[in-house]
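Student: There's a structure below that I have some questions on.
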Amino acid sequence: MEQPGLTYFEKLEKIYVLTETGQMLREKMTQLQNNNEPYEHIQEDLNKIEQEISAYTNGAAIHDLDFSNISLVNPALYTTFEDSY
């Protein structure tokens, strides 16, 4: 699924969107499980998301990435430690 010519930040942005979408789908799947409703279609979507993330990361695990640091996603917001003084 990797598209040639994507920059590092474009890939990172796509990974961020896929990760957030996956989290929302996991929450929805948990709700459906608790209500004893079918959730197989959500599981299929989660599998597709994992495959696409894997394509962008060349198979590297991203479960430890912390997207709470917005400067990771948007380098224009980056400030160094010295800038905070």
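The values are calculated or read from the model by the stated rules, or taken from the named source; none is laboratory data. Note that the structure is predicted; figures quoted are calculated from it, not measured. All Cβ positions, even for glycine, are placed from backbone atoms using ideal geometry, and neighbour counts span all protein chains on display. The protein model used for the area step is the full one, side chains on, heavy atoms only, and it has no ligands, DNA or RNA in it. Shrake-Rupley method; radii C 1.70, N 1.55, O 1.52, S 1.80 Å.
Student: Report, by residue number, each residue of the stretch 1-19 that is under 13 Å from the mean Cα position of the chain (by Cα) and open to solvent by less than 90 Å² (accessible area, probe 1.4 Å).
Tutor: The answer is GLU10, LYS11, LEU12, LYS14, ILE15, TYR16, VAL17, LEU18, THR19.
Student: What are the residues in the stretch 20-42 that are surrounded by 13 or more Cβ atoms within 10 Å (Cβ to Cβ), of a type in the set (Ser, Thr, Tyr) and either touching a Ser or Thr at 6+ places or on another chain (Cβ under 7 Å) or modelled with pLDDT of 90 or more (or both), if any?
Tutor: Selection gives THR21 alone.
Student: Looking at the structure I just gave you, is ASP45 acidic (Asp, Glu), at pLDDT below 90 and closer than 29 Å to GLY5 by Cα?
Tutor: no
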